[in-house]
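The values are calculated or read from the model by the stated rules, or taken from the named source; none is laboratory data. Predicted, not measured: the structure shown is a model, and the values here were computed from it. Here the Cβ positions follow ideal geometry from the backbone for every residue, glycine too, while neighbour counts run over all protein chains shown.
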Amino acid sequence: MIELLQYDFFQNALIIGVALAISAALLSPFLVLNHQAMIADGLAHVSFAGLTLGILLTNEPLLISVPFVIIASLLIKYLSSKMNGDAAIGLVSAFAFAIGLIIIKKGEGFNYSVESLISGNIFTPASTLVTLGVMTTGLILSFILIFYRKLFLMTYDYNYAKFSGIKVQILGYALSVLTAFFIAIGVRTIGVLLISAFVIFPSIISSQFTKSFMMTLIYGLVTSVIITISGIFIAHPLGIPVGATIVVLYTLLIGLILMYKRFIRGEVV
């Protein structure tokens, strides 16, 4: 398998795969532990509509998809202050996904594979996508390093953070925009149905080992990178989707962890 590293397409797949893995792991605790994990799934469905519209209107779908998903994330954040958060996600994502299906059905000249939209293809990313993936990781990392303490307080005690003078609304909207950026890039490589799992799994797995927020972040980061690289190396020789392979590896890992805790350590899980 080492000889695969000599090919440009495989190197690009590793670069964007690791970039997405880091981005997802950085976002994971702030979304999962704050009960906002489903926003990733909702925005993935929104990105489906953005991509179909982008494919129909331009040769570079991300020019349409990225701002489309960002606007949707801001709308979801706004509606969440007016109604139940899950309801806001469902409302916007269902509408956007329906628009995407209508575009596919009625859009003249739409000749893009729907399967590739759903499952993605990490081995054929344009250089622009690789660059955007790395930039997204840099933006998310910088944001979390700068505002870590404030984001930590918002995650564990929103009301206290607000009472302490933290601009929770602005930070919340900024986090939503960065999540939207990650989802829009990730859908092109991992697919609509699986990209949200990248955000959910790191914190779920790392929280099995530690109650420390910082260690949850670090363990999730390490796990995410290792699982993603393993998935890429396993999926290519077998000719199976990388995103699906990574999700299966995540699921097997958490299954093994739960079995170990239950039968070896005797913990109630």
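Values computed for the structure shown
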quantity	calculated
Within segment 203-218, considering residues that are closer than 13 Å to ALA25 by Cβ and either among the basic types (Lys, Arg) or in contact with a Phe, Trp or Tyr (Cβ under 8 Å, 6 or more places away or on another chain) (or both), the one surrounded by the most Cβ atoms within 10 Å (Cβ to Cβ)	SER206
Any chance GLY243 is of a type in the set (Gly, Ala, Ser), touching a residue at least 24 places away in the same chain (Cβ under 8 Å), farther than 19 Å from LEU151 by Cα and touching a Ser or Thr at 6+ places or on another chain (Cβ under 7 Å)	yes
VAL225 more than 27 Å from TYR156 (Cβ to Cβ), touching a residue at least 40 places away in the same chain (Cβ under 8 Å) and out of contact with any Asp or Glu (no Cβ under 9 Å at 6 or more places or on another chain)	no
Among the candidates GLY54, GLY133, residue that is at pLDDT 85 or above and part of a helix (DSSP H, G or I)	GLY133
Test for VAL177: is it β-branched (Val, Ile, Thr), assigned to a helix (DSSP H, G or I) and either touching a residue at least 12 places away in the same chain (Cβ under 8 Å) or surrounded by 18 or more Cβ atoms within 10 Å (Cβ to Cβ) (or both)	yes
Tabulated pairs, segment 87-107, first in contact (Cβ under 8 Å) with a residue 40 or more places away in the chain and under 12 Å from ALA44 (Cα atoms), second charged (D, E, K, R) and surrounded by 19 or more Cβ atoms within 10 Å (Cβ to Cβ), C-beta under 8 angstrom, 6+ apart or interchain	ILE89/ASP41; SER93/ASP41
Given (1) polar (S, T, N, Q); (2) surrounded by fewer than 17 Cβ atoms within 10 Å (Cβ to Cβ); (3) touching a Gly at 6+ places or on another chain (Cβ under 6 Å), number of the condition GLN169 does not satisfy	(3)
Filtered residues of segment 231-251 (kept if surrounded by fewer than 14 Cβ atoms within 10 Å (Cβ to Cβ) and among the polar types (S, T, N, Q))	THR251
Any hit, segment 252-266, residues being modelled with pLDDT under 90, surrounded by 21 or more Cβ atoms within 10 Å (Cβ to Cβ) and more than 12 Å from the chain's Cα centre (by Cα)	no
Residue match in segment 230-241 (condition: of a type in the set (S, T, N, Q) and either closer than 17 Å to ALA25 by Cβ or not in a helix (DSSP H, G or I) (or both))	yes
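Table: residues versus (1) of a type in the set (Gly, Ala, Ser); (2) within 13 Å of ALA40 (Cα to Cα).
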residue: ASN159; (1), (2): no, no
residue: SER164; (1), (2): yes, no
residue: VAL177; (1), (2): no, yes
residue: PHE182; (1), (2): no, yes
residue: GLY191; (1), (2): yes, yes
residue: VAL199; (1), (2): no, yes
